[in-house]
Amino acid sequence: MSIFRRTQGGPGRVNVQEAAARTGHDNADGGGDAVLLDVREPYEWQAGHAPRAVHLSLSALAAGAGLPARAQARPLIVICRSGNRSRQAAELLVARGSEAVDVVGGMRDWAKAGLPVVDARGQSGTVA
């Protein structure tokens, strides 16, 4: 049985608070039952992403790239900047047999909620 609720005609959607809870970003131990998969382009990822997130751009995913090892056989919470690309990515992933939902509002809402954002060097990042 899926841990994610589905919406009519597609993968489920979660808000940033639920995404943080499911991926362990809302507690000090970092434990969570799902992986946060960031599907933005490399320059966006480098400017700022959630700690412990896994990166695979939508363009690479659409071209047939496989999931990174840390994201395989795990529930996926897919995030982008605003929620448009993550929705497309979640649809692709579900069609390929993965358990995936996307984050409404994306990294913009993640940052607005005060959740952590780091750059490629592990310093304070920004949402590009």
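Structure above, values below:
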item: Selection within segment 3-26 - modelled with pLDDT under 55, polar (S, T, N, Q) and open to solvent by less than 60 Å² (accessible area, probe 1.4 Å); result: Thr7
item: Unmet criterion (only one of (1) modelled with pLDDT of 95 or more; (2) among the basic types (Lys, Arg); (3) open to solvent by 20 Å² or more (accessible area, probe 1.4 Å); (4) within 13 Å of the chain's Cα centre (by Cα)) for Arg52; result: (1)
item: Matching residues, segment 87-111, being touching a residue at least 40 places away in the same chain (Cβ under 8 Å) and among the charged types (D, E, K, R); result: Arg87, Glu91, Glu99, Asp102, Asp109
item: Residue within segment 27-46 that is within 22 Å of Ala120 (Cβ to Cβ), modelled with pLDDT under 95 and either crowded, with 20+ Cβ neighbours inside 10 Å or in contact with a Leu (Cβ under 6 Å, 6 or more places away or on another chain) (or both) present; result: no
item: Qualifying residue in segment 55-76 (condition: among the charged types (D, E, K, R), open to solvent by less than 30 Å² (accessible area, probe 1.4 Å) and in contact (Cβ under 8 Å) with a residue 12 or more places away in the chain); result: no
item: Subset of segment 87-128 [surrounded by 16 or more Cβ atoms within 10 Å (Cβ to Cβ) and hydroxyl-bearing (Ser, Thr, Tyr)]; result: Ser98
item: Of all residues in segment 77-86 being in contact (Cβ under 8 Å) with a residue 24 or more places away in the chain and in a helix (DSSP H, G or I), the one that is surrounded by the most Cβ atoms within 10 Å (Cβ to Cβ); result: Ser86
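The values are calculated or read from the model by the stated rules, or taken from the named source; none is laboratory data. A quick note: this is a predicted structure, and the numbers were derived from the prediction, not measured. All Cβ positions, glycine included, derive from the backbone under ideal geometry; neighbour counts span all protein chains shown. Side chains included, ligands, DNA and RNA excluded: accessible areas come from the protein's heavy atoms. Shrake-Rupley method; radii C 1.70, N 1.55, O 1.52, S 1.80 Å.
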